[in-house]
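Throughout, read-outs are computed from the coordinates displayed, never taken from laboratory work. Note that this is a predicted model, so its numbers are computed, not measured.
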Amino acid sequence: MEDMIDLSHIVIDSTDKRLDIYLAEMFSIARTKIKYAIDSGHITVDGKTVKPSFKVKKGMTIKGGLPEEEPLTLEPQEISFHILYEDEFIMAINKPAGMVVHPSFGHREGTLVNAILGYMKGKGKIKDFHVLLNLNQINSRPFIVHRLDKGTTGVILVAKDTKTQEMLSNLFKDRRLTKVYRAITEGTIGNDSLVIDGNIGRHPIERKKMAVLKIGGREALTTIKVLKRLKDYTYIEAYPKTGRTHQIRVHLAHIGNPIVGDEIYGKRSRHATARPMLHAFRIEFVHPVTGRDINIEAPVPDDMLTFLELHGD
């Protein structure tokens, strides 16, 4: 067993909170890891094995630790996906809702990386395939130069070799790309356009969340344009100038207009959706190898279009 965290302590500040949620928040560790440790008996409460949903109470003793993780192998899988653009060096994919981008402890299969590996292997199109396939580090990110949350749909860029990956990464680092998102927010945004300027960092209490901070954090800037006002909702375009974790979601929640369906930062709408209504609509940049102007769009997905139709005038 790893000594990554010390779980030998008395629960004194929580009543009727799920064990997995309590530990994930306390140690800022992925809930999937905690859940696995509880299910496999590596964590006990008052000397007994329990379920992740067990409600902890003041005075209970939690003991244990995280089991040693197996090396994260990046296996190719035959998973179909929608290619928006492809050339010798890069590819743009329309990521579907529900697909995780990178393999992790809780998602070893079925990710976008697994799908790309399968595609590249089948086409014989990857120069560094044997090298990237042996990167058994949990933080390795072959091909991918940016990320989208699991529930977010739309354009995501992929490099076909390590040199192109580095050049694309530099475009993001130097902010030499234009990213356009579409989203549906709770409530009515009164201004036709606005700029949200607020540093983003880890939430001071809920450590799994990000927040706009008055002190600290990292610079974050998002421009918003209203496309259509619906009854109780607003359809917008968002132009993030920086690339902070959950930036658009956090900024919209900060002004009181969280994204519809966002269970982390949003409200419980009477019109619930299966995912946050956020879509990476367009990306524009100069091709780092060919020098061509590249403009890639992903069609607004059906679930967003249906929501707009149902709640329009």
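Normalising the Debye intensity of the range 257-313 to I(0), with uniform scatterers on Cα atoms only, and taking log10 at q = 0.23, 0.24, 0.30 Å⁻¹ returns -0.92, -0.97, -1.22.
Looking at this model, which pairs from Lys208/Lys241; Lys17/Lys208; Lys55/Lys208; Lys33/Lys214 are more than 21 angstrom apart at the alpha-carbon? Among Lys208/Lys241; Lys17/Lys208; Lys55/Lys208; Lys33/Lys214, the Cα-Cα distance tops 21 Å for Lys208/Lys241; Lys33/Lys214.
Around the amide H of Leu221, modelled in the peptide plane, lie the amide H atoms of Lys241, Thr242, all under 5 Å away and 5 or more residues distant in sequence or on another chain. Pairs over the 22 Å Cα-Cα cut-off, from the set Lys150/Lys267; Lys173/Lys267; Lys35/Lys57: Lys173/Lys267. Extension gain, Asp39 to Val300: 0.36 nm times the residue separation minus the Cα-Cα distance gives 90.0 nm.
What is the percent of Cα-Cα separations in the range 210-313 that go past 21 Å? Here the long-distance tail beyond 21 Å is 42 percent of all Cα pairs in the range 210-313.
With N as its number of residues, the range 9-64 has a Cα radius of gyration that, divided by 2.2 N^0.38 Å, comes to 0.97.
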